[in-house]
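Quick notes on the structure that follows.
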Amino acid sequence: MVKKLNGILKENEKYLIEFEKALIASQLSEKTVEKHVGNAAFYINEFLNYEKPTPTSQGMSKIDEFFSEWFVEKFIWVSKTAYNDSMTSLKKFYKFLLDSQVVDKTAYDQFVSEIKNNKSKWIKIVENINYADDFIDYFNSDRLGDLDDPLGIVDDHDYFFNAGMLDEDECDALLNEFYTKAAVVYKEKPWLYLAETDIIELSLPITDEIYYASVIGSGNMSRGIIFYQGARGLQNAFKMLGESNEDIHQIAASQSYIALHFDQDDQLDEIDRAFITRSGVSFKSSKELPYLRVQDPGMLACPLEVIELIDLTELLNAALSTFRYLKKNKQLRDWFDKDQIFAMTISEKGKVNYEFKQIEAILNHSIDIASYYDELSLRKLKKKAKLSKAHWEVEQFYLPSPIFEEDSAYLAHFPSVLVIVDRESEQVVGHYISEPMASEMEFQTYFYELLMTQGKKPQKVLFRNQEVIQSIFPILLELEIEIEYDEQLLLASEFVDGMVNQILGSGPN
């Protein structure tokens, strides 16, 4: 066993050395190369040999086990970013082995397909794992149990500086690289020649995700660059920029972005100033200072973890190059007035391609939806839930008051609420509250159990919030329940207003 393991590790070392050379030749940054090689090494040296020695060439078939179970069970600190990065790295690594004729194309194609088909499910696992032990049902306190935290409390400074994950030199190097680039952006001032509605699509080899960038701010407002993640992030951004009948808090709380702001010193807080100090980059001659904010749906905007700067620096560099390209080619900027976005794609070999795309096509882009029930469970529900003539209004909203994590001045969420109202009886069929990062799974589970308990299904579900339909769509699809968009949802809106007013203390006594 030991002899076999030593042979595999020696062979892996050769693979990793050649893989690193190939990445360097593709002109990726040093930090990105280190990340991909490290992720590949972790998979082939640690995971594949954890129970018994497994050759790297046979490792593609175990990818679901890695992301579904092993990664989160062995390393409870794992993040969504780590999952995304690992998927990208492993695809690059096994593509390198394919090109090196170590693995065959059929197995590789199946490997890539498995990642594509299961990515959404895997991401939900890591998003929800942090809530599994201490999930709070706000309407049913007897589910609380003992909320012992095995990790203890991590203070804000250690959290944002990734203490224990990065040593001080690594941390300072990442901050220096990013803030050096931020200083260049401030000098360029792209907000002087681009508008907030001029959207840039960025597709880079460092990540499987597509980002959409634009300038923010004008006049005396905070200026900067904002990155929206994926089609859903862009959809919510257009809600904020355009006219909408939705409450401004609901729109703001649903945003998904990373933003680099430049503003007066009094807008920065302790973490922001610490980032600049540790970076070693001077902004003494600047009237405004840079600071970062990241927001996921349902979460309060807060500073960015230092480790996230690896990808963000690459994104910022790509955005800056694209802004400069548009600055030199004014005739291209005129296309923004024709409901177009400007797309920049960088290939694995570093080739850059520019093109325009229709905004409407992106906003209507389908989004992956995870189903948390297998076919057998859905068949049981289909048999149990008999068709009724009921029409249900289904709404999801965020409560107005954030709940902060213990001993943190930054990390907070807005509780996410699902409400279901019967249109004919005007009675609330059910409601459920969840932490936002777990809401999709929790809402789907609640809706399934509600139908099982009632033994009936509505003829039609009316909605106005795309997120809530996405969370329960697999069940609606299986049960062949009609869905219809309704901009008003009068009954559900009354429930929402009543709950919000009660929380804010402005409701009836």
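The values are calculated or read from the model by the stated rules, or taken from the named source; none is laboratory data. Quick caveat, the model's predicted, so the values are computed rather than measured. With ideal geometry, Cβ positions are generated from the backbone for all residues, glycine too; neighbour counts draw on all protein chains shown.
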(request) Mind listing just one residue for me: the one in the stretch 454-509 that is farther than 22 Å from Gln250 by Cβ and at pLDDT below 90 and, of those, farthest from the chain's Cα centre (by Cα)? (result) Asn509
(message) Which condition from (1) out of contact with any Phe, Trp or Tyr (no Cβ under 7 Å at 6 or more places or on another chain); (2) outside any helix (DSSP H, G or I); (3) in contact (Cβ under 8 Å) with a residue 12 or more places away in the chain is the one that Gln101 breaks?
(response) (3)
(message) Return the residues of the stretch 473-490 that are touching a residue at least 60 places away in the same chain (Cβ under 8 Å) and within 12 Å of Lys457 (Cβ to Cβ); say none if nothing qualifies.
(response) Ile475, Glu478, Leu479
(message) Just to check your reading of the model, which residue among Ala370, Ala319 is outside any helix (DSSP H, G or I) and among the hydrophobic types (A, V, I, L, M, F, W, C)?
(response) Ala370
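Yes/no per residue for (1) β-branched (Val, Ile, Thr); (2) farther than 30 Å from Arg273 by Cβ; (3) surrounded by fewer than 21 Cβ atoms within 10 Å (Cβ to Cβ); (4) touching a residue at least 40 places away in the same chain (Cβ under 8 Å):
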{"position": "Ala182", "(1), (2), (3), (4)": "no, no, no, yes"}
{"position": "Thr197", "(1), (2), (3), (4)": "yes, yes, yes, yes"}
{"position": "Ser203", "(1), (2), (3), (4)": "no, yes, yes, yes"}
{"position": "Thr207", "(1), (2), (3), (4)": "yes, no, yes, yes"}
{"position": "Gln229", "(1), (2), (3), (4)": "no, no, yes, no"}
{"position": "Leu234", "(1), (2), (3), (4)": "no, yes, no, yes"}
(message) The conditions are (1) at pLDDT 90 or above; (2) small (Gly, Ala, Ser); (3) closer than 30 Å to Lys91 by Cα, and Gly230 fails exactly one of them. Which is it?
(response) (1)
(message) Among the numbered criteria (1) in contact with a His (Cβ under 9 Å, 6 or more places away or on another chain); (2) more than 26 Å from Leu312 (Cβ to Cβ), which one does Ile17 miss?
(response) (1)
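Quickly run through the stretch 271-293 and pick out the residues that are free of Cβ contacts under 8 Å to residues at least 60 places away in the same chain and out of contact with any Phe, Trp or Tyr (no Cβ under 7 Å at 6 or more places or on another chain). Talk me through it step by step, then tell me what you get.
Kept after step one, since they are free of Cβ contacts under 8 Å to residues at least 60 places away in the same chain, are these residues of the stretch 271-293: 272-273, 277, 282, 284-285, 287, 289, 291-293.
Correct list: Arg273, Thr277, Ser282, Lys284, Ser285, Lys287, Tyr291, Leu292, Arg293.
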(request) Would you mind stating whether Leu387 is outside the structural domain of Ile123 (by TED's automatic domain parsing) and surrounded by fewer than 17 Cβ atoms within 10 Å (Cβ to Cβ)? (result) yes
(message) Suppose we keep only residues that are free of Cβ contacts under 8 Å to residues at least 24 places away in the same chain and not in a helix (DSSP H, G or I) within the stretch 51-78. Which one would you say is surrounded by the most Cβ atoms within 10 Å (Cβ to Cβ)?
(response) Phe75
(request) For Val419, state whether it is touching a helix residue (DSSP H, G or I) at 6+ places or on another chain (Cβ under 6 Å) and either surrounded by fewer than 13 Cβ atoms within 10 Å (Cβ to Cβ) or at pLDDT 90 or above (or both). (result) yes
(message) Restricting to the stretch 95-114, name every residue that is small (Gly, Ala, Ser) and under 31 Å from the mean Cα position of the chain (by Cα).
(response) Ala107, Ser113
(request) Would you check if there is a residue in the stretch 357-368 being more than 14 Å from Leu477 (Cα to Cα), in contact with an Asp or Glu (Cβ under 6 Å, 6 or more places away or on another chain) and at pLDDT below 90? (result) yes
(request) Would you mention how many residues in the stretch 27-50 are surrounded by fewer than 17 Cβ atoms within 10 Å (Cβ to Cβ), farther than 15 Å from Ile17 by Cα and of a type outside the set (D, E, K, R)? (result) 3
(request) Report, ordered by the first and then the second residue, all pairs with beta carbons closer than 7 Å, sequence separation of six or more or different chains, a first member in the stretch 309-322 that is assigned by TED's automatic domain parsing to the domain that holds Cys171, and a second member that is part of a helix (DSSP H, G or I) and of a type in the set (S, T, N, Q). (result) Ile310/Thr32; Glu314/Thr32
